[in-house]
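S.K.: Take a look at this one; I'll ask things after.
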Amino acid sequence: MPYWLYILILIAGIYLVISLLLYFFQDYFLFKPEKLSKDFQFYYENQETEEYNIETRDGAIINGLRFMAKDPKGVVFYLKGNSKSIKGWGKFAVDFTRHGYDVVMVDYRGFGKSTGRRTQKAVKRDMQVVYNKLKDKVDEKYIILYGRSLGSGFATKLASMNNPRMLILDAPYYSLSKVAKKYIPFMPLSLLIKFPMPTYKWLKYVKCPIHIIHGTDDRLIPYKTSVKLSRINPKTTTLHTVIGGGHKNLNTFEPYHQMLTEIIHSKPKKVNLEGSSIHVKHSSKPTNAKV
């Protein structure tokens with residue numbers, strides 16, 4: 001066998017092995033779940049909570065918490081990131097309950113007390129089931145969807161199929177395929193990845209106001225990702241920039257909380273452009289005017 005052919009077969013073999021490992025073990029790279037025992041008791045100081053379990057049509061159990069505000073103005077359906085469980089994520093509920101909004105958080109399949117085989121289709125279906133439960137009790141005009149990192153894709157998908165009051169995306173990705181490609185650009189991810197999560201596709205069909213919050217120093221999902229996403233539905237999208245913010249620390253920046261307050265209490269209003277400079281264009285022709 002020629003030496004060059006031997007090298008070619010060896011490279012092809014290594015490539016195939018890496019592809020198979022990526023396909024079968026990608027859950028371990030994408031998700032970092034924290035498992036909780038069935039008898040685990042949730043506790044949050046100064047927060048009133050209610051735990052619930054929803055059984056899906058395939059027999060899985062989706063465990064969740066409702067953080068209750070006094071005389072709620074509405075409810076925030078908070079879709080968390082890819083790590084741990086709602087045990088830890090629950091500490092962020094105060095950012096909404098203090099504004100008079102209930103907060104609903106759930107653990108995805110395999111996280112916390114939730115069970116079932118995790119697939120993109122199954123999780124999307126689970127989130128719609130939870131949303132339907134909310135709609136049974138609360139008019140959609142009082143429901144805010146908040147998606148954090150991994151949850152931004154699921155939140156966008158929900159918003160594209162329903163009519164919530166608004167969609168808030170915190171450090172969203174263009175698609176998980178794009179994120180993965182950043183680290184393994186040589187792999188055929190369109191064929192291998194089980195959770196492509198094309199946020200950019202779903203965002204096209206969102207009709208409610210969209211607010212995107214992103215830090216300029218996010219090294220996992222670059223800030224330019226949100227700039228790109230904000231151009232998909234520009235008439236209804238507002239991009240909020242946290243200068244110096246990273247991927248996991250936006251809550252430690254005062255501007256983030258100021259933005260969140262303004263977003264939550266904002267009401268859609270049409271701007272009167274009559275008499276404005278909206279149609280004025282700068283001339284590209286040189287003038288002889290002296291300054």
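S.K.: For the range 53-104, just say rounded, prolate or oblate: build the C-alpha gyration tensor, square-root its eigenvalues into a ≥ b ≥ c, call rounded for a/c under 1.5, and beyond that prolate if a/b exceeds b/c, oblate if not.
M.R.: Numbers: a/c = 2.93, a/b = 1.58, b/c = 1.85.
It is oblate, given that a/c is not under 1.5 and a/b is not larger than b/c.
S.K.: Additional query: In units of 2.2 N^0.38 Å, what is the alpha-carbon radius of gyration of the range 32-180?
M.R.: On the way: Rg = 14.3 Å, N = 149, 2.2 N^0.38 = 14.7 Å.
Relative to the rule-of-thumb radius for its length, the range 32-180 sits at 0.97.
S.K.: Right, another one. With a 1.4 Å probe and all protein chains kept in place, how much accessible area does residue 204 have, in Å² rounded to the nearest 10?
M.R.: Rounded to the nearest 10, that gives 120 Å².
S.K.: Which of the lysines could a cross-linker bridge to residue 113, judged by Cα under 21 Å and excluding same-chain residues fewer than eight apart?
M.R.: List returned: 32, 35, 38, 80, 84, 87, 91, 121, 124, 133.
S.K.: Report the paramagnetic label zone for residue 48: residues of the range 76-111 whose backbone N is under 18 Å from a point 7 Å from Cα along the Cα-to-Cβ axis.
M.R.: Backbone N within reach: 76, 93-105.
S.K.: Next question. What are the extents of the Cα atoms of the range 229-271 along their three principal axes, listed from largest to smallest and rounded to whole Å?
M.R.: Between the extreme Cα coordinates on each principal axis of the range 229-271 lie 32, 24, 13 Å.
S.K.: With a 1.4 Å probe and every protein chain left in place, work out the accessible area per residue of the range 226-267 in Å², rounded to a whole number. Can you show the working numbers first?
M.R.: Values: 2430 Å² over 42 residues.
Heavy-atom accessible area per residue stands at 58 Å².
S.K.: Between residue 257 and residue 8, how high is the FRET efficiency from 1/(1 + (r/R0)^6) when r is the Cβ-Cβ distance and R₀ = 45 Å? Nearest 0.05. Write down the numbers at each step before the final one.
M.R.: Numbers: r = 57 Å, r/R0 = 1.26.
Efficiency for this residue pair is about 0.20.
S.K.: For the range 21-118, with every protein chain kept in place, what is the accessible area per residue (1.4 Å probe, Å²)? Write out the running numbers ahead of the final one.
M.R.: Values: 5210 Å² over 98 residues.
Dividing the accessible area of the range 21-118 by its residue count gives 53 Å².
S.K.: Evaluate the charge dipole of the range 76-163 about its Cα centre and quote only its size in Debye, nearest 20, assuming +1 on the Cβ of each Lys and Arg and -1 on the Cβ of each Asp and Glu.
M.R.: Values: 18 positive and 7 negative charges, 90 e Å.
I would put it at about 440 debye.
The values are calculated or read from the model by the stated rules, or taken from the named source; none is laboratory data. Just so you know, these numbers come straight off a predicted model, no measurement behind them. All Cβ positions, even for glycine, are placed from backbone atoms using ideal geometry, and neighbour counts span all protein chains on display. These accessible areas exclude ligands, DNA and RNA; they are computed on the full protein's heavy atoms, side chains included. Shrake-Rupley method; radii C 1.70, N 1.55, O 1.52, S 1.80 Å.
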